[in-house]
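Take a look at the structure below.
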Amino acid sequence: MKIRAILMDMDGTVLGNSQVAISERNMRAIYKAMEKGVHVIPCTGRTYNSMPPQLLTLPGLRYFITSHGARAYDRETGESIYEDLIPYNEAAELCEILEGHGLFNEIAADKIVHMEKTMVEPIDWSLVPEHHLWYMRDGRYVAVEKPSAYFRENKLGVEKMNIYNIPAELQQEMYDRVTATGYIYHPKPGAALHMEFLHKGLDKLCAVREVLGRLGVSFEETLAIGDSVSDLAIIKACGVGVAMGNATDDIKAAADFVTAPNFEDGVGVAFEKFLEL
């Protein structure tokens, strides 16, 4: 079977443990795959604007599936070709729950992170996750006075929200309140230090189907590679499913092949094997 497209996760997959840079071997494998005419498609939980710079500047990389499938973006035309967003009115209500608590809340909308202004002007760098430092430093975010008002007034739907370093005394309350709205689902359920949520019923396969359809490529002709539960459905659906060596056991069990871990160039190893690079 000839592989014509690759769906490639970012964190824990193509990225090493720094979660910022792509190794030389992995980048070389991506270059060679594209030279062979294979469509390489980043398929990640990240927003477009927080993708690794090595990919954002790579010519020929056209489609990006971001925010766990909430958006599929065509860089060539500059348009979103698929969206499953939290509607602006619901997003505003969620923001109202989270505002004013001093929470580092990254709100992904329109391909970029939006932040509550009081959290970034001035910014408390101790609250910023290590692998987010580079895009916060580079100003790859929009600071808004009151997110709830901003999304409501601009009628802007939200791809997802990530809240980091939630104080212990607020974790259960914030989790319960956003869950009770019925607007969202949690990829990792349960109150915890960090919280991430997306539109209820979001299905990453829908975004994948839209992109592959535009390319005229079937799932059977596609290789999917990843490490987490967010990648599981795609690994099962594609002709070749590859699990990273650092993936959990259920991901490995569903895959056709288990490659090396992300910190040992597992993407490069898999590309070399299945594309005969």
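Helix 168-180 and the long axis of the chain differ in direction by around 80°, with both axes built from C-alpha atoms.
Sort 30-37, 94-101 for me by packing, meaning the mean count of neighbouring Cβ atoms within 10 Å per residue, highest on top.
94-101, 30-37
If I take every Cα pair under 8 Å that is 6 or more residues apart in the chain, average their sequence separation and divide by the length, what percent do I get for the relative contact order? About 23 percent, as a whole number. Extension gain for K36-E99 works out to 17.8 nm (0.36 nm per residue, less the C-alpha to C-alpha distance). Here's the picture: a label point sits 7 Å out from the Cα of R137 along the beta-carbon direction, and within the range 32-59 the residues with their amide nitrogen under 14 Å of it are 53. Here the label points at L127 and E76, each 7 Å from Cα along the C-beta direction, are separated by 4.2 nm in the simple model. Judged by the ratio a/c of the largest to the smallest principal axis of the C-alpha gyration tensor, the range 138-186 counts as oblate, that ratio being 1.5 or greater while a/b is no larger than b/c. In terms of the mean number of neighbouring beta-carbon atoms within 10 Å, the peptides 250-263, 103-116 order highest first as 103-116, 250-263. In terms of overall dimensions, the range 140-233 has a Cα radius of gyration and Dmax of 16.9, 51 angstrom.
Relative to the dominant Cα principal axis of the chain, helix 24-35 is inclined by about 70°.
Computed on the Cα trace of the chain, the radius of gyration divided by the Kirkwood hydrodynamic radius gives Rg/Rh = 0.97. A straight line joining the Cα centroids of the range 217-277 and the range 27-91 runs 18 Å. Accessible surface area normalised per residue over the chain is 42 Å², counting heavy atoms of protein chains with a 1.4 Å rolling probe.
Rounded to the nearest 10 degrees, the inclination of helix 88-98 to the longest alpha-carbon principal axis of the chain is 70 degrees.
Summarising the overall dimensions of the range 84-211 from its C-alpha atoms, the Rg and Dmax are 14.2, 42 angstrom. Each label point was placed 7 Å from the Cα along the Cα-to-Cβ direction; for A192 and N89 their separation is 3.3 nm.
Helix-derived [θ] at 222 nm for the chain: sum -39500 (n - 2.57) over DSSP H runs of at least 4, divide by residue count, nearest 500?
-9000 deg cm²/dmol
Solvent-accessible area of the chain (1.4 angstrom probe, protein heavy atoms only): carbon and sulfur portion equals 49 percent.
Length gained on full extension, E210 to R177, computed as 0.36 nm times the residue gap minus the Cα-Cα distance: 8.5 nm.
Multiply the residue gap between V20 and T248 by 0.36 nm, knock off their C-alpha separation, and tell me the result in nm, one decimal place.
79.9 nm
When only alpha carbons are used to place a centre, the range 182-200 and the range 131-169 end up 16 Å from one another. Set the Cα radius of gyration of the range 15-109 against 2.2 N^0.38 Å, with N its number of residues, and you get 1.31.
The values are calculated or read from the model by the stated rules, or taken from the named source; none is laboratory data. Because the structure is predicted, anything quoted here is derived from the model rather than measured. Positions of Cβ are generated from backbone atoms using ideal geometry, with glycine treated the same way; all protein chains shown enter the neighbour counts. We work out accessible area using only protein heavy atoms, side chains counted, and drop any ligands, DNA or RNA first. Shrake-Rupley method; radii C 1.70, N 1.55, O 1.52, S 1.80 Å.
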